[in-house]
Amino acid sequence: MSREGWGDLPSVNWIGVWTLYRREVRRFLKVAAQTVAGPAVTTTLILLVFSVALGRQTPAVEQMSYTGFLAPGLIMMSVMQNAFANTSSSLLIAKLQGNIADFLMAPLSPAELTWGFALSGVTRGVLVGVVVGLAMWPFVPLDVVHPAFVLLHALAASLLLALLGILGGLWAQKMDQLAAVTSFVVTPLTFLSGTFYSVGDLPGPFQTLARLNPFFYMIDGFRYGMTDQADGSLAVGLLVVTGANLALVFACHRLFAAGWRLKP
């Protein structure tokens, strides 16, 4: 099987994938104040607005404090948004600056390009999530009841958004197009996924709509790992997130193989 395929493991250019991954990680770490510290400050301020400014007006959810319910959702929100931003901005900037040819000329197959970019997005998403969690710790007690669920959903969510970011970066030809994807796709799906409220409190039709949103299962599973409380089926959530990731991996691979919006 050629290097275009998935199954011929000995033909994988591991050095090339590692080089691309390291390049992308170094790219966002060079501006860590913007890419890592910035989201931590912003997300912690959101938490403080709810916990301090609103005070006793914040309702309890599922026999826990509202801030205890809110914190896992905010952490996952920051994970997803930053994983998306990493891959989408990298590809679009490379196209705008004209150095996308560096990726196309490198001895990397479509699968290797997909995983090199995606894993760097996962790294940024998880790193931001850890920093956000540490920043929140002095203000709200954070427990990890089910560590496996926390880790699994953090990795799965950041991978899904990193892959979605690849699609966004490939599609967009200018910054305002990418901003439109963020504003009209990523942000609404994140805010309507139970980040700030319990989906179980919604009226029936809106609960149904929420359960059609894959972002809901990522946040719900992560929150279960930290609080032992879930609004949806954990098994269904794992199936939905796994299926979405597989579909996105396939789509990214096909678009890289076709050179969609990459080749002049």
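What angle do you read, to the nearest 10 degrees and between 0 and 90, between the alpha-carbon axis of helix 110-136 and the longest principal axis of the chain?
It is inclined by approximately 30 degrees.
For helix 147-171, report the angle its Cα long axis makes with the longest principal axis of the Cα atoms of the chain; keep it between 0 and 90° and round to the nearest 10°.
Between the helix axis and the principal axis of the chain, the angle is about 50 degrees.
Could you check how much of the accessible area of the chain is carbon and sulfur, as a whole percent, using a 1.4 Å probe?
69
Check cross-link reach from residue 263 to the lysines: straight Cα distance under 24 Å, and skip same-chain residues fewer than eight apart.
Qualifying lysines at Cα under 24 Å: 95, 174.
May I ask for the angle, rounded to the nearest 10°, between helix 66-97 and the longest principal axis of the chain, with both axes built from Cα atoms and the value confined to 0 to 90°?
So the inclination is approximately 20 degrees.
With the contact rule set at Cα under 8 Å and sequence spacing of 6 or more, what percent relative contact order holds for the chain?
That works out to 26 percent.
Using the alpha carbon gyration tensor of the chain, what are the three equivalent-ellipsoid semi-axes (square root of 5 times each eigenvalue), largest first, in whole Å?
That gives 34, 19, 17 Å for the three semi-axes.
To the nearest 20 debye, what charge dipole does the chain have about its Cα centre, counting +1 at the Cβ of each Lys and Arg and -1 at the Cβ of each Asp and Glu?
800
Which is the longest stretch in the chain that no exposed loop site breaks, taking sites as trypsin sites (Lys or Arg not before Pro) with a DSSP loop state and at most 11 other Cβ atoms within 10 Å?
31-173
Can you give me the accessible area per residue for region 89-238, using a 1.4 Å probe, in Å²?
Result: 42 Å² per residue.
The values are calculated or read from the model by the stated rules, or taken from the named source; none is laboratory data. Note that this is a predicted model, so its numbers are computed, not measured. Using ideal geometry, Cβ is built from the backbone for each residue, glycine included, and neighbour counts are taken over all protein chains shown. Heads up: the accessible areas ignore ligands, DNA and RNA and are worked out on the full protein's heavy atoms, side chains in. Shrake-Rupley method; radii C 1.70, N 1.55, O 1.52, S 1.80 Å.
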